[in-house]
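Notes follow once the structure below has been shown.
The values are calculated or read from the model by the stated rules, or taken from the named source; none is laboratory data. Note that this is a predicted model, so its numbers are computed, not measured. Because the Cβ atoms are built from the backbone with ideal geometry, glycine has one as well, and the counts that use them run over all protein chains shown.
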Amino acid sequence: METPKGDKYILGFLSELNYKLEEGGYRFLDAIAYFFDEYFNSSDKHLYSELSRFLIQHQFESLFSFHRDHIQNRTNMGERIRTLRERKSLDVETLARRASIQPNTLKRIEAGRLSADLDVLSHIAEGLGMKLDFVELENDNEDGSAL
C-alpha cells in the first residue's frame, strides 16, 4: 500500500480471504486505500493500531504483518544524503573521499540501489559534518541536524 505522501507499507494477511471479498464485488482494496488517505500522517504504531481496528470493524481478516517497505526506506535515506550533500555544495567525489568510500558506492547509496551499513552511514555523516542519529521519520528535521 502506498500513502498519498509516497510512503510504502507491506501488509500481510494469513489467507486470501480479503482478496476473495474483492473478487466477490466488495471493495476491500478501496477501503484500505481510503483508510491510508485518512491516517497516513500518524506514527507507524498509531497507523497499525488504527488499521487493526478498521479491519475488525469492517469484518476483514486481521493483519499478520505490517511494516514499511525497506526498499523505500533505502531510497529515502539516499535522497536525504544527496540533498544534504548538495546543500553543503559538495560533489560526489569530495564527500566520498571524506567518507572513505568509493564515489560509485556513494552514487549507488544516493540512488537507493545499495543499502549502507551503520559504519558507512557514520562515515558519510562525518563527511557531511553531521551526526548520525536515530529519529522518527515523521519528526525529521528540515535543517539537516540529523541524518
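Only residues that are touching a residue at least 12 places away in the same chain (Cβ under 8 Å) and either surrounded by fewer than 16 Cβ atoms within 10 Å (Cβ to Cβ) or in a helix (DSSP H, G or I) (or both) were counted in region 84-93, giving 5. Taking the listed residues Tyr39, Tyr26, the one that is of a type in the set (Phe, Trp, Tyr), under 17 Å from the mean Cα position of the chain (by Cα) and not assigned by TED's automatic domain parsing to the domain that holds Gly129 is Tyr39, with no other qualifying. Taking the criterion of being in contact (Cβ under 8 Å) with a residue 40 or more places away in the chain, among the acidic types (Asp, Glu) and part of a helix (DSSP H, G or I), no residue of region 1-43 qualifies.
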